[in-house]
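The values are calculated or read from the model by the stated rules, or taken from the named source; none is laboratory data. Computed from a prediction, not measured in an experiment: that's the story for all the values here. Cβ placement follows ideal geometry from the backbone for every residue including glycine, while neighbour counts extend to all protein chains displayed. Surface accessibility is based on the protein's heavy atoms, side chains included, excluding ligands, DNA and RNA. Shrake-Rupley method; radii C 1.70, N 1.55, O 1.52, S 1.80 Å.
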Amino acid sequence: MQGNHSGFSSDDKLFLLISCCFVTLLVISNIIAAKIIMVGNIVAPAAVLGYSLTFLATDTMSEVWGKERTRFVVNVGFFVSVLAALLVRGAIAMPAAPFWEGQAEFMTVLGGNLRITVASLAAYLISQHHDVWAFQFWKRKTGGRHLWLRNNLSTGVSQLLDTALFITLAFAGTATPLLPMILGQYILKVAIALLDTPLVYLAVHLIRKKNTPAATGANMTTR
């Protein structure tokens, strides 16, 4: 492309930008999940907002670039999450400098239970791949119309899968009340999904406004 010295087309740049935002939200969410917050009467990990926004990113990618590219990014996110978890555990295992007194706090914040880490990764992989499939399923059913409908239907079910799988795998057999935790966190995630619908419309509109090859070729409405 004349005048383009980066080697990336506008389409490539936009895809990379959203992909990087997705992976960043995912990795940061895994780190800050150690803090438990209260939203009204609902108990949830501090990651609830960041992780919920990953579905905004995948729905935007799925709408504009299709399922194959989006699935690739989901798999990259899984790989990066595993890599980050290994690096964190490696840092915890390294001998601390004699003058550094933060080892206990470092372990408390970052040294999550292995069972919780595995539960998080399993729930992520299943729910995100379901979201991509469900988004495309409803896109076919609606003939490419009603973006708001497929965005909320796919995310709603996927968030339920993610929440139920994570809490069950992480806490089953303990004294944790599973059902109240699942319902409370799911309500919060659905509220975020409903609120981010205008952001999905805005993101898709801005990408298509750039007349990228993928968007031009798709020729779909977003009513």
Task: Where the chain is the region considered: accessible area per residue in Å², 1.4 Å probe - done: 55 Å²
Task: Computed over the range 1-140, Kirkwood Rh from alpha-carbon pairs, angstrom - done: 17.1 Å
Task: Whole-angstrom gap from the range 34-71 to the range 84-102, using each part's C-alpha centre - done: 29 Å
TODO: Identify, among 77, 31, 158, the residue whose Cα sits farthest towards the positive end of the charge dipole of the chain, taking +1 on the Cβ of Lys and Arg and -1 on the Cβ of Asp and Glu, with the dipole about the Cα centre.
DONE: 158
Task: Peptides 59-67, 144-152 ordered by average Cβ neighbours within 10 Å, highest first - done: 59-67, 144-152
- [ ] State, as an integer percentage, the relative contact order of the chain based on alpha-carbon contacts under 8 Å between residues 6 or more apart.
- [x] 26 percent
Task: In degrees, nearest ten, helix 10-32 long axis to first principal axis of the chain (Cα) - done: 20 degrees
Task: Alpha-carbon Rg/Rh ratio, for the range 102-160, with Rh computed the Kirkwood way - done: 1.29
Open item on the list: What do you get for the angle between helix 67-93 and the principal long axis of the chain? Use alpha-carbon atoms, 0 to 90 degrees, nearest ten.
Closed with: 20 degrees
Open item on the list: To the nearest 20 Debye, how big is the dipole of the range 58-213 about its Cα centre, given +1 on the beta carbon of each Lys and Arg and -1 on that of each Asp and Glu?
Closed with: 840 debye
TODO: Considering the options 98, 126, 61, tell which one lies farthest towards the positive end of the dipole of the chain, charges being +1 on Lys and Arg and -1 on Asp and Glu at the Cβ, about the Cα centre.
DONE: 61
Task: the range 156-184 residues near the modelled residue 41 label - backbone nitrogen below 20 Å, point 7 Å along Cα→Cβ - done: 176-184
Open item on the list: Tell me the angle of helix 48-65 to the major Cα principal axis of the chain, expressed in degrees between 0 and 90 and rounded to the nearest ten.
Closed with: 30 degrees
- [ ] Just the number, please: Stokes-Einstein D of the range 58-184 in µm²/s, Kirkwood Rh from C-alpha pairs, 4 °C, 1.567 mPa s.
- [x] 77 µm²/s
